[in-house]
Amino acid sequence: MTQKILPPDISNQIATLYHDMESAYDDLAKSLDFTCQGCPDNCCDSYFQHHTYTEWAYLWEGMEELPEDKKNRFLQRAEEYVKESKKMLARDERPNIMCPINEQGLCGLYSHRLMICRLHGIPSAMTRPDGKRMEFPGCFRCQEIVEGRKDITHLDRTKMYQRLVLLEMEWLGPKRHVLPRVKMTLAEMLVKGPPSLDFCR
């Protein structure tokens, strides 16, 4: 039986949130005539850190659904990723290593991939709690496609982040004030194993 790490309602809500992200992404990408097809690069070698226990747990729910050999392959790659990235960071280099769950150019945990993996590529923006708006131009391919165009629409991430934060608060409850902050790559989340359930009992 597949191990359930999150309460079913939280798991269902994050699945819904991810679906909404995909829909918003697809709508904007279509309006920009942007696609990853034929791109010479693969953004899965970008260095990202993630910050919620909820996404960490949902990622592991996906891992638990995999055949044992595939799961072990991803875990071995994750260990190698962590070792190599630490070496590069020690040299003040930003790691540029293929994600350990990438299989022949595609995500091996596609339905459980993390928020930033779903939003990277297209122009986006967010408003911080202090009211400051931040804008991100998208990947190099998207920037090439929209170059010279005026009034480019940005995908607003703000409400999506807020929904994720609310899910985190709902699941962790008061423990969120005492738990260590999450600041890990996907590979580190795999190496560390699923987040402990002790704090949500």
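The values are calculated or read from the model by the stated rules, or taken from the named source; none is laboratory data. Everything quoted here is computed from the prediction, not taken from an experiment. Heads up, the Cβs are rebuilt from the backbone with ideal geometry, glycines too, and the neighbour counts pull from every protein chain shown.
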**Request:** Select from the range 1-31 the residues that are hydrophobic (A, V, I, L, M, F, W, C) and out of contact with any helix residue (DSSP H, G or I) (no Cβ under 6 Å at 6 or more places or on another chain) and write down the one among them that is surrounded by the fewest Cβ atoms within 10 Å (Cβ to Cβ).
**Result:** Met1
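Residues checked against (1) more than 20 Å from Trp56 (Cα to Cα); (2) touching a residue at least 24 places away in the same chain (Cβ under 8 Å):
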{"position": "Cys107", "(1), (2)": "no, yes"}
{"position": "Ile116", "(1), (2)": "no, yes"}
{"position": "Ser124", "(1), (2)": "yes, yes"}
{"position": "Gly131", "(1), (2)": "yes, no"}
{"position": "Glu144", "(1), (2)": "yes, no"}
{"position": "Glu147", "(1), (2)": "yes, no"}
{"position": "Met160", "(1), (2)": "no, yes"}
{"position": "Leu164", "(1), (2)": "no, yes"}
**Prompt:** From the residues in the range 48-66 that are more than 11 Å from the chain's Cα centre (by Cα) and in a loop (DSSP other than H, G, I, E, B), which one is surrounded by the most Cβ atoms within 10 Å (Cβ to Cβ)?
**Reply:** Leu66
**Prompt:** Just checking, how many residues over the range 64-95 are under 24 Å from Ile5 (Cβ atoms) and in contact with a helix residue (DSSP H, G or I) (Cβ under 7 Å, 6 or more places away or on another chain)?
**Reply:** 7
**Item:** Tally, over the range 118-173, of residues that are farther than 19 Å from Thr52 by Cβ, within 19 Å of the chain's Cα centre (by Cα) and among the aliphatic types (A, V, I, L, M)
**Value:** 3
**Asked** Can you tell me which residue in the range 86-107 is surrounded by the most Cβ atoms within 10 Å (Cβ to Cβ), limited to those that are assigned to a loop (DSSP other than H, G, I, E, B), within 17 Å of the chain's Cα centre (by Cα) and not polar (S, T, N, Q)?
**Response** Ile101
**Request:** Quick one: which residue in Lys83, Lys30, Lys70 is in a helix (DSSP H, G or I), modelled with pLDDT of 95 or more and more than 17 Å from Tyr110 (Cα to Cα)?
**Result:** Lys83
